[in-house]
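The values are calculated or read from the model by the stated rules, or taken from the named source; none is laboratory data. Since the structure is predicted, the reported quantities are computational estimates derived from the model, not experimental observations. Here Cβ is always computed from backbone atoms with ideal geometry, including for glycine, and neighbour counts include all displayed protein chains.
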Amino acid sequence: MTITITSIRLRSVWYFFKLSLHGLKISLQIRRAPGFIKVKNTGFGYLHYTITAWESKESMQRAMREGAHGEAMKESAALATEIVSYTYESDEFPSWKVAKEMIKQGKVMKYAEK
């Protein structure tokens, strides 16, 4: 299965509410997406994490570009100073401890201060 780990560092703790609204809409979208297996979220303050599992990389990529997730991506620069994403293949869904270590290998997108 394809696993994607994402971390989002918010510009302000006040953006948590907007992030949560996006998260709810995205969760509703991906749970109905073909190839979806599992999602977990955690976070506090400025830093938030998501882990998703998919049957294939193609099903993950399709879901990430469409619907609520696609719309949320357009607001990334306004909400976050940094987003890190790491995708890999595995037979096991990672623990949070493992995921937080693995994300250090991820692709980093930094957004300028506003």
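Is the stretch 52-66 home to any residue that is in contact with a Leu (Cβ under 7 Å, 6 or more places away or on another chain) and at negative phi?
Of all residues in the stretch 52-66, those in contact with a Leu (Cβ under 7 Å, 6 or more places away or on another chain) come to none.
No, the stretch 52-66 has no match at all.
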The stretch 45-67 residues that are in a loop (DSSP other than H, G, I, E, B), paired with ones that are surrounded by fewer than 19 Cβ atoms within 10 Å (Cβ to Cβ) and aromatic (Phe, Trp, Tyr) (beta carbon under 9 Å, 6 or more apart): Gly45/Phe16; Tyr46/Tyr15; Tyr46/Phe16; Glu55/Phe36
Whichever residue in the stretch 87-104 is outside any loop (DSSP other than H, G, I, E, B) and more than 15 Å from the chain's Cα centre (by Cα) and, among such residues, is farthest from Glu58 (Cα to Cα): Lys97
Residue pairs meeting the criteria (Cβ under 9 Å; at least 6 apart or on separate chains; first in contact (Cβ under 8 Å) with a residue 60 or more places away in the chain, in the stretch 7-27; second assigned to a helix (DSSP H, G or I) and polar (S, T, N, Q)): Ile8/Ser76
Long-range neighbours under 8 Å by Cβ, at least six apart or interchain, first residue more than 23 Å from Phe36 (Cβ to Cβ) and of a type in the set (A, V, I, L, M, F, W, C) within the stretch 84-113, second assigned to a strand (DSSP E or B) and modelled with pLDDT under 95: none
Within the stretch 11-36, tally of residues that are within 20 Å of Gly70 (Cβ to Cβ) and outside any helix (DSSP H, G or I): 5
